[in-house]
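One structure below.
The values are calculated or read from the model by the stated rules, or taken from the named source; none is laboratory data. Keep in mind it's a predicted model, so treat the numbers as computed, not measured. Positions of Cβ are generated from backbone atoms using ideal geometry, with glycine treated the same way; all protein chains shown enter the neighbour counts. Surface areas here come from the heavy atoms of the whole protein model, side chains and all, with no ligands, DNA or RNA. Shrake-Rupley method; radii C 1.70, N 1.55, O 1.52, S 1.80 Å.
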Amino acid sequence: QVTAKTAFLFILPQYNVSVPTADGELVQYHYGLKDLVTILFYIFIAIILHAVVQEYALDKINRRLHLSKVKHGKFNESGQLVAFHLTSVIWCLYVVVTEGYISNPRSLWENYPHVYLPYQVKFFYLCQLAYWLHALPELYFQKVRKEEIPRQLRCIALYLLHIAGAYLLNLTRLGLILLLLQYLAEFFFHMARLVYFTDENNEKLFNVWAVVFVVTRLFTLTLYILVIGFGLPRVESQALDPERGNFFSFLFNNILFRMSVLLLVCLFQASVMWRFIHFQLRRWREYWNEQSSRKRAAAAAGTKQQTKLLKRDSGYHENGVVKAENGTSPRTKKLKS
């Protein structure tokens, strides 16, 4: 009884509020400083789950594959992210379907700001923040190479910025859809890497990932234009009101600011697509170079085999004299008179 309140502080989301509805009262949540305690608890849970996946799944597979040191680290990274992204995609899809965010796209901007969150939405965001924060000490626990640390830190920082920004600025509904699209593309990418490490000739999943990546980028850009260009400017409350969580409506009512934001979003998505196209062109170029080298090697081997057959048909040389297959000289003998 004494420690129950403290335990609930670590385990359960805080700041619950009873919101009156037409059917009665509905318990919802908003954010505060106590969320940091809950996030800290789930950071330790994420570290434990990370160790379980590593010990009972990835290490056993690594012993069978006998990968090099570089591939070993990449295999572990992709294995952990496949487990996380698959879980997050299923969980996020369940949340957006049950809350009606997909069936009713208007709910992404209607009644903004979305200060009060359902339990499952707030818990999802807390767990997402905990996972990406736990990835920082994992860089030490997993003994990641120094060359890989800047790339992984950049990735962690971008995810934390996106998730924390959507959570604190009351854009949680839009953030859920964007996370769903991003995690779906990342799942196929890391799954393709795992299959490639087990069989380097199997690159079919990379083609699937390429299609999914392009489709998710198009959906992401469309969603930004729909919400920022058409949704938020139509919100009834256009005044700046930090106490009610209204941070953006008055800004997006200004067409110049709105177009500037959309331009930045389009430029960012264009840069992502450019890097993706450059990566695909390089991969295809390496593939065709490898295929052409194999064809040249096969042609050289065929020519060598034909040369051997011709030599066998015309006889062989012994002490500078051409001998036939039966050991007799191919020269015609002179008849004695």
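For the stretch 203-213, the criterion of being outside any helix (DSSP H, G or I), modelled with pLDDT under 90 and under 15 Å from Tyr112 (Cα atoms) is met by none of the residues.
The set of residues in the stretch 84-143 that are charged (D, E, K, R) and either modelled with pLDDT under 90 or within 18 Å of Leu26 (Cα to Cα) (or both) comprises Glu99, Arg106, Glu110, Lys122, Lys143.
Entry remark, the stretch 277-329: residues being among the charged types (D, E, K, R), modelled with pLDDT under 75 and under 30 Å from Glu200 (Cβ atoms) number 1 in total. Pick from Leu158, Leu139, Leu178, Leu184: which is open to solvent by 60 Å² or more (accessible area, probe 1.4 Å), without any contact (Cβ under 8 Å) to a residue 60 or more places away in the chain and in a helix (DSSP H, G or I)? That would be Leu158, the only listed residue that is open to solvent by 60 Å² or more (accessible area, probe 1.4 Å), without any contact (Cβ under 8 Å) to a residue 60 or more places away in the chain and in a helix (DSSP H, G or I).
May I ask you to verify whether Tyr56 is under 23 Å from Leu180 (Cα atoms), part of a helix (DSSP H, G or I) and either open to solvent by 60 Å² or more (accessible area, probe 1.4 Å) or touching a helix residue (DSSP H, G or I) at 6+ places or on another chain (Cβ under 7 Å) (or both)? No; evaluated as a whole, the condition is false for this residue.
Counting the residues of the stretch 83-92 that are touching a residue at least 24 places away in the same chain (Cβ under 8 Å), out of contact with any Leu (no Cβ under 6 Å at 6 or more places or on another chain) and not polar (S, T, N, Q) gives 5.
Here the condition is being more than 27 Å from Ala51 (Cβ to Cβ) and either among the small types (Gly, Ala, Ser) or open to solvent by less than 70 Å² (accessible area, probe 1.4 Å) (or both); of Val70, Val96, it holds for Val96 alone. Report, ordered by the first and then the second residue, all pairs with beta carbons closer than 6 Å, sequence separation of six or more or different chains, a first member in the stretch 105-121 that is over 9 Å from Asn170 (Cβ atoms), and a second member that is surrounded by fewer than 16 Cβ atoms within 10 Å (Cβ to Cβ) and β-branched (Val, Ile, Thr). Matching pairs, first to second residue: Tyr116/Val19.
Kindly provide the set of residues from the stretch 19-32 that are of a type outside the set (Asp, Glu) and open to solvent by 70 Å² or more (accessible area, probe 1.4 Å), ordered by number. Steps first, answer last, please.
Filtering the stretch 19-32 down to residues of a type outside the set (Asp, Glu) leaves 19-22, 24, 26-32.
Passing the criteria: Pro20, Ala22, Leu26, Val27, Tyr31.
The residues of the stretch 161-174 that are within 16 Å of the chain's Cα centre (by Cα) and either open to solvent by less than 40 Å² (accessible area, probe 1.4 Å) or within 25 Å of Leu26 (Cβ to Cβ) (or both) amount to a single one, Ile163.
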